[in-house]
Amino acid sequence: MSSSRRNQLKSLLLQIGEAMLEEEAREAEQEKDQYMEESCPPLSIPNCMQELQELCRKVHKQIDLVDDERYDMEMKMKKSNKEIDDLKLMVRDLGGKFKKPALKKVRMSADAMLAALLGSKHKVSMDLRANLKQVKKEVKEEVGAADSLTSGTFRYE
């Protein structure tokens, strides 16, 4: 197909589409006018005060009905939006699940593990015995005797 023929068909399709859009806009305007004629009859302002008050009451009742409908529609919309969000979350959760790979067993000392975690700059030793205080045995015996006196039990030696 030649480029001139393609451009001609393209412009023809655009003209048809534009005509269809204009027709849809005219139909929407006609539907709007028809709805307004059905829903809102022409306003005739009465001359006496009592008829005017009656008209106001009637208009207020219509406003209340429309507000009720609007509120109901809003609640339905909020509920639908919440359900849609929940379903989107479920889809995202289902799509994101994957099998965790089996971890390999690695033999590593505590010092090597700390070095791997903290890096080579920090040198930390995991020699726990070096951090313990040295306690003499005599001190333990004195503490044990003091505990037995305070606990109420006596020990005979």
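The values are calculated or read from the model by the stated rules, or taken from the named source; none is laboratory data. Because the structure is predicted, anything quoted here is derived from the model rather than measured. Ideal geometry is used to build each Cβ from the backbone, glycine not excepted, and the neighbour counts take in all protein chains shown. The protein model used for the area step is the full one, side chains on, heavy atoms only, and it has no ligands, DNA or RNA in it. Shrake-Rupley method; radii C 1.70, N 1.55, O 1.52, S 1.80 Å.
Identify the residues of segment 51-65 with backbone N under 17 Å of a label point that sits 7 angstrom from the Cα of LEU43 along the Cα-to-Cβ direction, or state none. Flagged as within label range: 51-64.
Spin-label pair ILE63-LYS32: with each label point 7 Å from Cα along the Cα-Cβ axis, the two points sit 2.4 nm from one another.
So how much slack lies between LEU118 and GLN134, counting 0.36 nm per residue of separation and subtracting their Cα-Cα distance, in nm? Don't skip to the end; give the middle numbers.
Working: separation 16, 0.36 × 16 = 5.76 nm, distance 2.95 nm.
Residue separation times 0.36 nm, minus the Cα-Cα distance, leaves 2.8 nm.
Per residue, segment 1-79 exposes 100 Å² of accessible surface when a 1.4 Å probe is rolled over the protein heavy atoms with every protein chain present.
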